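Q: Would you mind keeping the following structure in view while I ask a few things?
The values are calculated or read from the model by the stated rules, or taken from the named source; none is laboratory data. Please read these numbers as outputs of a predicted model, since none were measured by experiment. Here the Cβ positions follow ideal geometry from the backbone for every residue, glycine too, while neighbour counts run over all protein chains shown.
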Amino acid sequence: MKQTLTITVPKDYSAITLKQYLELQKEVANYKDDEEAVEVLLFHYLCGVPADMVHKIDAETYTKIKSDLNEFLANTNYELQKFITIDGVEYGFEPNLSKMSYGAYLDISKWDTITIDDNWAKIMDVLYRPVERKVGKMYEIRPYSGEVDENKWLGVTMDKHFGTLFFFSDLLKDLANSTQKSLIQQLGMLPSIKSVLERNGNRTLR
């Protein structure tokens, strides 16, 4: 019997959740030296194609999907979203990083690198807290309590996560340029979050 397979190819990271991204990231790390296996993982996690069905896709369709995925994966440049709504609750990004509570500062700075890994959802839950008041472009968020619930961020799409990540990345590049330090080439070489929070102040949101 002929089997029909419906494939949905994501156009951008607004179609991929943090949970999906982390699962894919871990699997790819296990097969990083096997290009064919990595392609199967991409089709499976990003397009929902069962792993045992990937090689049954005709060559023309396979090549087109692979090209679309490569183009999609290369575009991670998103803007910071000041507000993110989860289950009807509006969360606001820390309005002024240089004046954040010491507890929040300590909880973020204990991770040395800025990257999207298993700790990223915890960082998001510190940076974004429920909005309590808005006046024009000004807003206040709930004071940091020290309690972190990272699970709710797993369902948030990657366009929002990358927007937050690259806010810090861009900030670090600005700092590096202003102090005449060598340019930052890879996220893995970025200075610690602690140094960002200690030195920033020019690009905070209000």
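Q: Restricting to region 7-43, count the residues that are of a type in the set (Ser, Thr, Tyr) and either under 20 Å from Tyr62 (Cβ atoms) or modelled with pLDDT under 90 (or both).
A: So the count comes out to 2.
Q: For region 34-52, which residues satisfy the criterion of being closer than 27 Å to Asn151 by Cα, touching a residue at least 12 places away in the same chain (Cβ under 8 Å) and part of a helix (DSSP H, G or I)?
A: Leu41, Leu42, Phe43, Tyr45, Leu46, Cys47
Q: Let me ask something else. With the structure loaded, tell me whether Asp112 is part of a helix (DSSP H, G or I) and out of contact with any Gly (no Cβ under 9 Å at 6 or more places or on another chain) or whether it fails that test.
A: Answer is no for this residue.
Q: Moving on. Every residue in region 44-65 that is modelled with pLDDT under 90 and among the basic types (Lys, Arg), please.
A: Correct list: Lys56 only.
Q: Of all residues being under 16 Å from the mean Cα position of the chain (by Cα) and among the polar types (S, T, N, Q) in region 1-30, which is farthest from Ile116 (Cα to Cα)? Just the residue, please.
A: Going through the qualifying residues, I end up with Ser14.
Q: Looking at (1) surrounded by 14 or more Cβ atoms within 10 Å (Cβ to Cβ); (2) at pLDDT 90 or above, which one does Phe168 not meet, given that it meets all the others?
A: So Phe168 meets the others, but not (2).
Q: How many residues, within region 12-33, are surrounded by fewer than 12 Cβ atoms within 10 Å (Cβ to Cβ) and part of a loop (DSSP other than H, G, I, E, B)?
A: Qualifying residue count, region 12-33: 2.
Q: Quick one: count up the residues across region 61-103 that are in a strand (DSSP E or B) and without any contact (Cβ under 8 Å) to a residue 12 or more places away in the chain.
A: 1
Q: Further question: Can you tell me how many residues in region 141-160 are aliphatic (A, V, I, L, M) and under 14 Å from Glu90 (Cβ atoms)?
A: Summing the residues that are aliphatic (A, V, I, L, M) and under 14 Å from Glu90 (Cβ atoms) in region 141-160 gives 2.
Q: Now for a different question. Quickly run through region 44-89 and pick out the residues that are of a type in the set (Phe, Trp, Tyr) and in contact with a Pro (Cβ under 9 Å, 6 or more places away or on another chain).
A: Phe72
Q: So in region 123-142, with the set limited to residues that are over 24 Å from the mean Cα position of the chain (by Cα) and at pLDDT 90 or above, which one is nearest to Ala104 (Cα to Cα)?
A: Glu132
Q: Before we move on, is Ile84 surrounded by 14 or more Cβ atoms within 10 Å (Cβ to Cβ) and out of contact with any Gly (no Cβ under 9 Å at 6 or more places or on another chain)?
A: no
Q: Let me ask something else about it. Give the residues of region 115-156 that are in a strand (DSSP E or B) and either in contact with a helix residue (DSSP H, G or I) (Cβ under 6 Å, 6 or more places away or on another chain) or not hydroxyl-bearing (Ser, Thr, Tyr) (or both), sorted by residue number.
A: Result: Arg129, Pro130, Val131, Glu132, Arg133, Lys134, Val135, Met138, Glu140, Ile141.
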